[in-house]
């Protein structure tokens with residue numbers, strides 16, 4: 001039921017933003033950001049359930065909890081970069097949006113390096 005309320009709020013926000021954009025008001029961008037933040041907080045609230053589930057799976061398998069932390073960081077960086085990139089695109093800053101996407105990809109690659117090193121170490125120990 002909460003999800004339905006969220007979808008209705010997003011729909012109303014988008015309709016209002018479209019109408020405000022038609023009169024070339026900067027309020028449409030602010031409304032777009034506010035709706036995006038509303039969705040973001042909804043997702044963050046729901047992520048606790050996913051994180052608890054993944055923690056229990058990781059404990060059951062016996063993997064290091066650091067790998068889950070890396071995965072959560074990568075998902076968070078991905079979402080924040082996508083959010084920022086979309087806001088930049090909405091404001092008309094396509095070049096900035098592209099740079100945000102590239103920096104997010106590089107940051108995710110750097111954060112995932114410990115996992116890559118663990119995989120390489122495992123492979124070399126097998127051989």
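Key figures
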quantity	calculated
The range 17-32, subset surrounded by fewer than 16 Cβ atoms within 10 Å (Cβ to Cβ) and at negative phi, residue modelled with the lowest pLDDT	25
The lone exception for residue 79 - which of (1) farther than 25 Å from residue 41 by Cα; (2) surrounded by 14 or more Cβ atoms within 10 Å (Cβ to Cβ); (3) not assigned by TED's automatic domain parsing to the domain that holds residue 41 it fails	(1)
Residues that are at pLDDT 90 or above and either surrounded by 14 or more Cβ atoms within 10 Å (Cβ to Cβ) or touching a strand residue (DSSP E or B) at 6+ places or on another chain (Cβ under 6 Å) (or both), drawn from the range 104-127	104, 107, 108, 111, 112
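The values are calculated or read from the model by the stated rules, or taken from the named source; none is laboratory data. Source: prediction; values computed, not measured. So basically every Cβ, Gly included, is an ideal-geometry build from the backbone, and we count neighbours across all protein chains shown.
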